[in-house]
Structure formats: structure tokens, C-alpha cells
Amino acid sequence: MNTFGPPKTVLARGAGAHVWDVDGREYVDLLGGIAVNALGHGHPRLVAAVTEQLQTLGHISNFFASAPQITLAERLGALLRAGVAEPVETRVFFTNSGAEANEAALKLTRRTGRTKIVATEGSFHGRTMGALALTSKAAYREPFEPLPGEVVFVPYGDAAALEAAVDRDTAAVLVEPVQGEAGVIVPPRDYLPSAQQIAHASGALLWLDEIQTGVGRTGAWFAHQHPALVDAPVVPDIVTLAKGLAGGIPVGACLATHGAGKLFDPGNHGTTFGGNPVAAAAALAVLDVIEDEGLLAHAEAQGRGLREAAAADPRVVETRGEGLLVGLTLVEPKAAEVVSAAQDAGFLLNAATPERIRMAPPLNLPDTDVAAFAAAWPTILDHAEVAR
Ligand SMILES: *Cc1c(COP(=O)(O)O)cnc(C)c1O
């Protein structure tokens, strides 16, 4: 329906961090399906988990439960509570995408009896009407207005602006721990702890959209648990997840702690596919492999390697992000040209903004691919004619 413009190329298959197009050309996949392919392409344990679950029990309705769904809910709750001293009860609603996870969360916030949401400039929360109402970019919003709700946008990373906007009518403060679509923007380390304090002082919920940053992407299970990103513990009331959670099988989750998990009554929300046993089994395989293969530390190391390789060229003026959510700022706005030159050289990247490149490769990216990128990068910048 002409929503994405013409596709860059038609891909035929993938293995590990590499993909091949229909003409047999090979690429290092440094975008990972936009932070989705956490284990790369065709990881044997993901393939086995999906295959076995589909052979055992593929779909049930939400009149019933399944073991993978229950286990996944418990695992996510335990990861969210890791390092938190006080007991926190966690509840989960499973969806099929990030936007749906945010829709569920938005409806949940309405059950507080308040309707105002304070979100941030540069935010991206998805394309359905509710998620779009929370997304700040005018070009995405304006063709579809009026959008639901009272949503106030404040500058990202600015606790004082947040404090000025949050009041007794505010149902929730909604923040991405690192803004992904905006071009990998990292807030000050006291921002999330301040956001929590500001929200709770007004009786509002703290809702973190970890759809892009969650499940190991930044080198921690959740970005809001990463010591490089926060200077004090944060226990959000709502966390939304999707992208990397099931390594490419569509899944999303709306997690809620404290009282927020109890705001829905039976009949308030629903989904036919959400909590599907195959998707849940895929997500469990992703969590297992991240743990067994030590991919949190690996993502941290490979992210450092990619940033150092990129920054070795003076045409990169700044590197951003944590773990394998990598942002590179170019000396001039030639990100589109760089992405195109990179593809010609056999590397898939993304232009997040006119001057910023984003990388979100598989968490198990091998050393050889980091080295290949390091070797090719100066030539890619030459071919894109980025000024020295
Ligand atoms: C991708 C993304 C979404 C939307 O997820 P979809 O699965 O595309 O609906 C929402 N929030 C953030 C932070 C994202 O990166």
C-alpha cells in the first residue's frame, strides 16, 4: 500500500548475522530487522523451539492457558524484579507487536480514572491510533488527527520540564529509556529516577517503552536496569516490550507492577493471537540463549567494538547508545548516502535521521563481522562522499 516506499532489495535467506538477496549477494545484517533479530537468522535453538511447539500445540484461544505462556510471564516478571529489594508483583498482557503492547498500556492507564499522558518530544511509540497519539513526530500524526487523548509532549531528558507538566490529572509519564527512532538519544543518568519520583509524587504511573531497548539490546535485560543509563534503581509501573523479545516471531508484552497490574477487570481488553504458545516458546528460547551464551556481556563488548571502529574515522563526530543499540553522528547530513554505500559494500545499516546512522545487529554478532565493518567503514564514507 505504498506505506514504506520502494523496497531496497529483495532478501532470500539469512544465517547468523548474514543475509543474502535474490541475486545471491551477501550482506552483514547490522540492522537486525530493526532491533528484532536478537539471535540473528535461523538460530538452531529458536528454530527448534518454534518447531517443537507448533508440533505440540500451535494456538489456543485466551479461554485457555498454555505452559509456554505461563512460563514466559513468570520469567519476564522475574527479570523485571531482578535487583529490586521490595517484593513486586508483576502481571503481563501478551500482544503481537509493539504498538499493541502500547495500546494495552494506554488503556490500562485510563483505568486510573485520569486521562492525561505526559510523553516526550522525539518519541516513537507505534502507528495505531492510540500509539500514534503518544508519538510526537508531526509527519506521522497530522494526517490522522484527531487522535485520542490528552497527550502533552515535553523535551526529552529534561526532568524540570517533566516536573512542570505532570499534575494530579496525569495518568502516566511515558518515556523511552533511550530514544531509538529519534536516532539513539541517551538521557542523563538521573532522568529515569527523576521521572519516577515526579510521576509518583503526583500519583501518576511511570511507563517505560522498552520495545526497542529491552531484552538485552543495551547489554542489560532492560535499559532501565543498566548502570550506564541510570544512577539509581528504577521500578517502573508499566513496561512495554516487543521487537527482540521473540527474535523475529511477532510478540509484544505489556508488563505492569505494583497496583497497575490490577487495573484491568475481565472484559476490559483482549486479543485473539496474543499469548500464542508458539510466540511464547520463541521468546523463552531467546531468553534462554541470551543467558546461556552470555549475550548481555557480548552485546556490550560488540557495541563498544562497533563504536570504536566507527569513531576511528574523523567523519564520525559522535557515537551514542549502549550495547548493540548504536548511533553514529556524521560530520554532515549524508546518512542516506552512507546507508546506500554500505549496502553496496555488503553491510545493512539504517539512517535514523539525516545525519545519524543506527545499528541494531544481532546480540550474538561475531568478532569477524565487527572486524569486517571496521575495515570497510572508511571506504563506505569515501563512496558516500562524506566531507573530511
Ligand atoms: C518499534 C517501536 C514501537 C512500535 O512497535 P511495532 O511492533 O512496530 O508496532 C513502539 N515503541 C518503540 C520504542 C519502538 O521502537
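The values are calculated or read from the model by the stated rules, or taken from the named source; none is laboratory data. Computed from a prediction, not measured in an experiment: that's the story for all the values here. Here the Cβ is made from the backbone with ideal geometry for all residues, glycine too, and neighbour counts use every protein chain on show.
Key figures for this structure:
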{"item": "Checking residue 161 against (1) closer than 16 Å to residue 238 by Cα; (2) in contact with a strand residue (DSSP E or B) (Cβ under 6 Å, 6 or more places away or on another chain); (3) part of a helix (DSSP H, G or I), the condition it does not meet", "result": "(1)"}
{"item": "Any hit, the stretch 134-156, residues being in the same structural domain as residue 94 (by TED's automatic domain parsing), in contact (Cβ under 8 Å) with a residue 12 or more places away in the chain, assigned to a strand (DSSP E or B) and surrounded by 24 or more Cβ atoms within 10 Å (Cβ to Cβ)", "result": "no"}
{"item": "Every residue from the stretch 66-107 that is in contact with a helix residue (DSSP H, G or I) (Cβ under 7 Å, 6 or more places away or on another chain), within 16 Å of the ligand (Cβ to nearest atom) and assigned to a helix (DSSP H, G or I)", "result": "98, 99, 102, 103, 106"}
{"item": "Among (1) within 16 Å of the ligand (Cβ to nearest atom); (2) among the polar types (S, T, N, Q); (3) surrounded by fewer than 24 Cβ atoms within 10 Å (Cβ to Cβ) - the single one residue 120 does not satisfy", "result": "(3)"}
